[in-house]
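Encoded as structure tokens, the structure appears first; notes follow it.
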Amino acid sequence: MSNGRSFYITTPIYYPSDVPHIGHGYTTVAVDALARWHRQAGDDTWMLTGTDEHGQKMLRAAVANGVTPQEWVDRLVSESWFPLLEELNVANDDFIRTTQERHETNVQTFFQALYDRGYIYAGEYEALYCVGCEEFKPEAEIIDGTGPFEGLKVCAIHSKPLELLQEKNYFFKLSEFTEPLLALYRDNPDFIRPEHARNEVISFVKQGLKDLSISRSTFDWGIRVPWDESHVIYVWVDALLNYATAVGYGSDQETFDRRWPGYHVVGKDILRFHAVIWPALLMAAGLEVPRGVYAHGWLLVGGEKMSKSKLTGIAPSEITSVFGSDAYRFYFLSAIAFGQDGSFSWEDLAARYQAELANGFGNLASRTTAMITKYFEGIVPEPGAYEDRDLAIQETVATAASDADAAIDRFRPDEAIDAIWRIVDALNGYITDNEPWALAKDESRRARLGTVLYTAAEGLRALAVLLAPIMPIATQKLWESLAIAGRLQDQPIREAGTWGVLSPGTTINALAPLFPRVEQPV
Ligand code: MSP
């Protein structure tokens, strides 16, 4: 049912030096929800995620654990990173690992092409490196250490000492791309979103770019530079190329032409790599730049960026085992404006679960289906003549559906959910105002009762379709209860607001509670 619109979207590829936390889960569910929406709209969708397995960080984690780096990443990926996708109910189309042959070979092809085109040269380098960031740090991100690191220079992000590295490196002529990048940002205002992220990158690039060291020779856990076996390719260049190698760069031109270019969703911590270095590398290779880069904010716990290395890390399973994956997805995507930082707290999660999911959406679904069962023996009634207040619901549904689609186009799942929630709130108010339980006591109001319950049930149908990308499990239960022909994931989401899909006369099925009561976490 493809409409020919290609939509390729990626998460960052994560470092499997450690186990995943809710920050990684956040990016992943956001990308999954966007991909599911586009897939359900009939766009030719491809969602990629994966792991970034080379570099010094990985090597050190392996050494510290007494295994080879390959053993270390194999273990972490199979025991922790694949299961994350299951836990969060992610429907990725592919998972790339940078240690795969399909990646390594084509990274070398790309690297050789840059060299042949004259964008790589050899030079001497001495600078402060942060292994946590896998990056030579710019002045602005170097601070004086305190406490045990008194007298040392530390990384502003990781608060750990930097290492002075001095070696012969290959360099990429990034400095030649200052003007072409500024032109790209100017001509394509949506290339970097949101606006504040765009402004930040533009002012950074306006200061002028320096050439970038893109090889390392003091360790060998990486992809070899094709013409110089004593060097491995800088892990960030290796990593960025996953977006191209995974869709056929160097191996399958047809697939590459079909998918590329795509959209990258990243945390703001790695925006510059994606919005500066990555398009420059692509331009140098003569390839198309990405369609866009969207930077989201950080999850804060206790006011700090949540991170495993600072011991504020929370595993996604701590949340999903209590509230379920739908609630995880809903909570992070609705409670945080996509692009801004957001604070996580158990209290906020539990409160929203109760108010919005259990009492809001869940209760609407259970009382509507229960009343159809009770008053119409489980058969969806025929609506009678619509009154203004019924037409107002139809209007709300239509507007909310198109507003939600527009929000998804802007990469704002939070605003899409806000729009969809207008339907939940409107229907709950509609049921309270129309008092079907009172209509049911008066035989002469039976037609009106049918109209009210049809309106509520058809509104639920629209909610199931619109919320399927966000909460696939609950909406599937609701869909089965409404007993509409066809699979939920095949319902064209851009037409979700068209009224009258649910056929009167359909026998509905009992609905299991969508959001059961949970024991409050301690
Ligand atoms: N391997 C690189 C990315 C290479 S992409 C070509 C990397 N990996 S990472 O494991 O550190 O993951 C970083 C990403 O995880 C962030 O960009 C963000 O998407 C997500 N997050 C990690 N911590 C986070 C928060 N505290 N809050 C929100 N997102 C977080 O960098």
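Some observations on this one:
- Taking the numbered list (1) within 11 Å of the ligand (Cβ to nearest atom); (2) at pLDDT 95 or above; (3) not in a helix (DSSP H, G or I) in turn, residue 19 passes all entries but (2).
- Summed over region 1-16, residues that are within 9 Å of the ligand (Cβ to nearest atom) and out of contact with any strand residue (DSSP E or B) (no Cβ under 7 Å at 6 or more places or on another chain) total 1.
- When 248, 297, 262 are checked against the criterion of being farther than 30 Å from residue 208 by Cβ, touching a helix residue (DSSP H, G or I) at 6+ places or on another chain (Cβ under 9 Å) and surrounded by 18 or more Cβ atoms within 10 Å (Cβ to Cβ), a single residue qualifies: 248.
- Matching residues, region 37-58, being more than 14 Å from the ligand (Cβ to nearest atom), outside any strand (DSSP E or B) and either among the β-branched types (Val, Ile, Thr) or out of contact with any strand residue (DSSP E or B) (no Cβ under 8 Å at 6 or more places or on another chain) (or both): 37, 40, 41, 42
- Test: residue in region 339-351 that is more than 24 Å from the chain's Cα centre (by Cα), over 19 Å from residue 466 (Cβ atoms), away from the ligand (no atom under 16 Å from the Cβ) and surrounded by fewer than 22 Cβ atoms within 10 Å (Cβ to Cβ): no
- A single entry from 132, 151 fulfils the requirement of being more than 31 Å from the chain's Cα centre (by Cα), outside any strand (DSSP E or B) and either more than 28 Å from residue 286 (Cα to Cα) or touching a residue at least 12 places away in the same chain (Cβ under 8 Å) (or both): 151.
- Any hit, region 477-497, residues being surrounded by 24 or more Cβ atoms within 10 Å (Cβ to Cβ), closer than 30 Å to residue 345 by Cβ and not hydrophobic (A, V, I, L, M, F, W, C): no
- Subset of region 251-297 [more than 15 Å from the ligand (Cβ to nearest atom) and part of a helix (DSSP H, G or I)]: 253, 254, 255, 256, 257, 258, 259, 283, 284, 285
- Flag for residue 222 being within 14 Å of the ligand (Cβ to nearest atom), assigned to a loop (DSSP other than H, G, I, E, B), surrounded by 15 or more Cβ atoms within 10 Å (Cβ to Cβ) and not aliphatic (A, V, I, L, M): yes
The values are calculated or read from the model by the stated rules, or taken from the named source; none is laboratory data. Bear in mind the structure is a predicted one, so any value in this text is a computation, not a measurement. Cβ: placed from backbone, ideal geometry, glycine included. Neighbour counts: every protein chain shown.
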